[in-house]
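Please treat every number below as a calculation from the coordinates, not as lab data. As the structure is a computational prediction, the values presented were derived from the model and not from experiment. Here Cβ is always computed from backbone atoms with ideal geometry, including for glycine, and neighbour counts include all displayed protein chains.
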Amino acid sequence: DAGVIQSPRHEVTEMGQEVTLRCKPISGHDYLFWYRQTMMRGLELLIYFNNNVPIDDSGMPEDRFSAKMPNASFSTLKIQPSEPRDSAVYFCASRPGQRGYEQYFGPGTRLTVT
Amino acid sequence: QQPVQSPQAVILREGEDAVINCSSSKALYSVHWYRQKHGEAPVFLMILLKGGEQKGHDKISASFNEKKQQSSLYLTASQLSYSGTYFCGTDSSNTGKLIFGQGTTLQVKP
């Protein structure tokens, strides 16, 4: 299996621009998670899906952030408009079951907003 | 809500042992441990479930005290490859949703 795939790996954009991050989970995994990692705040859960349905988006920082999962093999995280404080590494992870199963992380997207 | 890890950082010589602790203020259903090397994604090490079940790495051990909401990760006879940042992730809602601690940086020197 190819593992969790994320694109792009690096993104540099200017403040105010729209940014779309993409994730392909491992085939057969029912759960998909989006995390943000910064030095100051550590590894934060933004949102997670079960069978393509958003279950908990309480970690989404504000309305500028949105996430979708149109099918079992694809998810996006969109930031519009982007701000410098959104600069971080964004990880996508997937898992096969509800509990007792490890999460498999993708390589991450390093986002820099100037 | 975020679990607290201790120590924040530790430096070892090869062959030495280390213990990393994770403490939560909430009752826990499971504790997960991950290791992250610089510039890479977190990698799964171990899961400890309420009730005593464990899954994970054969060279790393851990404990889970359900009553105290604490877990400890034991790294014995450390190798250079053990260097990295260790995170515990706790599930207090029995949904599999994890809240991660702030991390413990481990450096193993020759």
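What are the residues in region B:18-49 that are more than 14 Å from residue B:89 (Cα to Cα) and either assigned to a strand (DSSP E or B) or out of contact with any Pro (no Cβ under 9 Å at 6 or more places or on another chain) (or both), if any?
Matches in region B:18-49: B:18, B:19, B:37, B:38, B:39.
So residue A:76 fits all but one of (1) assigned to a loop (DSSP other than H, G, I, E, B); (2) more than 14 Å from every other protein chain (Cβ to nearest Cβ); (3) not small (Gly, Ala, Ser); what number is the exception?
In the conditions (1) assigned to a loop (DSSP other than H, G, I, E, B); (2) more than 14 Å from every other protein chain (Cβ to nearest Cβ); (3) not small (Gly, Ala, Ser), residue A:76 misses (1) alone.
Could you list all residues from region B:63-82 that are on the phi > 0 side of the Ramachandran plot and either in contact with a Phe, Trp or Tyr (Cβ under 9 Å, 6 or more places away or on another chain) or touching a residue at least 60 places away in the same chain (Cβ under 8 Å) (or both)? Reasoning before the result, please.
Of all residues in region B:63-82, those on the phi > 0 side of the Ramachandran plot come to B:69, B:77.
The answer is B:77, and nothing else.
What single numbered condition from (1) free of Cβ contacts under 8 Å to residues at least 12 places away in the same chain; (2) closer than 22 Å to residue B:40 by Cβ; (3) of a type in the set (A, V, I, L, M) fails to hold for residue A:55?
Failed condition: (2).
Looking only at residues in region B:68-110 that are within 12 Å of another protein chain (Cβ to nearest Cβ) and touching a His at 6+ places or on another chain (Cβ under 9 Å), which one is farthest from residue B:49 (Cα to Cα)?
Applying the filter and picking the extreme gives B:85.
Just the residues that are closer than 30 Å to residue A:10 by Cβ and aliphatic (A, V, I, L, M), please, taken from region B:1-58.
Answer for region B:1-58, where residues must be closer than 30 Å to residue A:10 by Cβ and aliphatic (A, V, I, L, M): B:9, B:41, B:43, B:45.
I need the full set of residues from region B:38-53 which are within 13 Å of the chain's Cα centre (by Cα) and more than 9 Å from chain A (Cβ to nearest Cβ), in order please.
B:48, the sole residue that qualifies.
Could you please let me know if residue A:102 is in contact with a strand residue (DSSP E or B) (Cβ under 6 Å, 6 or more places away or on another chain), closer than 24 Å to residue B:45 by Cα, assigned to a loop (DSSP other than H, G, I, E, B) and within 14 Å of chain B (Cβ to nearest Cβ)? So that I can check it myself, show each step before the final result.
On the way: in contact with a strand residue (DSSP E or B) (Cβ under 6 Å, 6 or more places away or on another chain): yes; closer than 24 Å to residue B:45 by Cα: yes; assigned to a loop (DSSP other than H, G, I, E, B): yes; within 14 Å of chain B (Cβ to nearest Cβ): yes.
Criteria met by residue A:102.
Tell me whether region A:17-30 contains one or more residues that are loosely packed, with under 15 Cβ neighbours inside 10 Å, free of Cβ contacts under 8 Å to residues at least 60 places away in the same chain and within 22 Å of residue B:85 (Cα to Cα).
no
Going through A:95, A:85, A:64 one at a time, which residue ends up being away from every other protein chain (no Cβ under 14 Å) and within 15 Å of the chain's Cα centre (by Cα)? Talk me through it step by step, then tell me what you get.
Details: A:95 fails: away from every other protein chain (no Cβ under 14 Å); A:85 fails: within 15 Å of the chain's Cα centre (by Cα).
Testing whether each residue is away from every other protein chain (no Cβ under 14 Å) and within 15 Å of the chain's Cα centre (by Cα) leaves just A:64.
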